[in-house]
Amino acid sequence: MESKNISKAVIRRLPRYYRYLSDLKDSGVERISSQDLSALMRITASQVRQDLNCFGGFGQQGYGYNVESLYKEIANILGLDQQYTAIVIGAGNMGKSIAQYKNFSRRGFNIIAVFDNDPSVIGTKISDFEVKSITELEDFVGNNKVDVAMLTVPREVTRDVAEKVVALGIKGIWNFSPMGLLVSDESVVVENVHLSDSLMVLGYRLRNSRLT
């Protein structure tokens, strides 16, 4: 449902809507106004309406939004009604954390294997997974449906690993390398995660909170 006419800022707010609506639903809240939702989101009520109108609106004047219905609609927009299979490439600290995180499956992303090129790591267990050699990647992808590769490899090999993933026909990459990754195949969806950027934003906000 993603459209080129919808801004990235709107798309990046959708998971926040989803989280807040999930909490509201679990608390027994049946409906919410754009004003109350905007207070949770810390944006204006007008922005809430504009965001949701990008996908059809969903609200009723004088009533607001049905929490459970809007929750389900946003889940569908985010593709959470689908199931995706994923592999982790890189079994270091970040790779281990990702492989052990159970909530991904609740969002429709099911990890089915972990790969690494370090002989001391290959064959060890991470959660329910035995780490496979990267040399097994081609055969594994040939025998299993893999939608997403989660990359937690060093910066210097990120591009080579990504291109290998693309060549194998995997259409989604979740990249934790500090480099902003671009791949040769424009049909491949890449999401770059820059944890250090978020940490620097935290530092900026802390610094400025002390100046006020």
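The values are calculated or read from the model by the stated rules, or taken from the named source; none is laboratory data. A quick note: this is a predicted structure, and the numbers were derived from the prediction, not measured. Cβ: placed from backbone, ideal geometry, glycine included. Neighbour counts: every protein chain shown. Quick note on the areas: whole protein, heavy atoms, side chains included, nothing else; ligands and nucleic acids left out. Shrake-Rupley method; radii C 1.70, N 1.55, O 1.52, S 1.80 Å.
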Gyration tensor on Cα atoms of region 95-195, a ≥ b ≥ c root eigenvalues, a/c under 1.5 rounded, else prolate if a/b beats b/c, else oblate, says rounded
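With every protein chain left in place, what is the accessible area per residue of region 109-212 in square angstrom, probe 1.4 Å?
Values: 6510 Å² over 104 residues.
Normalised by residue count, the accessible surface of region 109-212 is 63 Å².
Mind checking the full-extension length gain between residue 204 and residue 22? Use 0.36 nm per residue of separation minus the Cα-Cα distance, one decimal, nm. Present the calculation step by step, with values, prior to reporting the outcome.
Details: separation 182, 0.36 × 182 = 65.52 nm, distance 3.00 nm.
Answer, rounded to one decimal: 62.5 nm.
Counting pairs on different chains as well as pairs 8 or more places apart, how many Lys pairs in region 1-147 have Cα atoms under 17 Å apart? If you can, show how the numbers build up before the last one.
Values: 25/72; 96/125; 96/132; 102/125; 132/145.
For region 1-147, the number of qualifying lysine pairs is 5.
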Along region 74-87, Karplus-curve 3J(HN,Hα) (6.51, -1.76, 1.60; θ = phi - 60°) to the nearest Hz, with x for Gly and Pro, reads 5, 4, 5, 4, 7, x, 7, 7, 9, 10, 10, 9, 9, 10
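Round to a whole number: what % of the accessible area of the chain belongs to carbon and sulfur, probe 1.4 Å? Can you show the working numbers first?
Details: 6310 of 13040 Å².
Whole-percent figure for carbon plus sulfur exposure: 48.
For the chain, what proportion of DSSP beta bridges, expressed in % and rounded to the nearest 5, is antiparallel?
On the way: 5 of 25 bridges.
Approximately 20 percent, going by the DSSP bridge assignments.
In the neighborhood of residue 146, defined by Cβ-to-Cβ distances under 13 Å, what is the net charge if each Lys or Arg adds +1 and each Asp or Glu adds -1?
Details: positive: 132, 145, 164, 171; negative: 136, 138, 139, 147.
Here the count lands on 0.
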To the nearest 20 debye, region 1-62 has a Cα-centred charge dipole, built from +1 on Lys and Arg Cβ and -1 on Asp and Glu Cβ, of 280 debye
Taking a crude spin-label model, label points 7 Å out from Cα along the C-beta direction, the residue 120 to residue 7 distance in nm is 4.9 nm
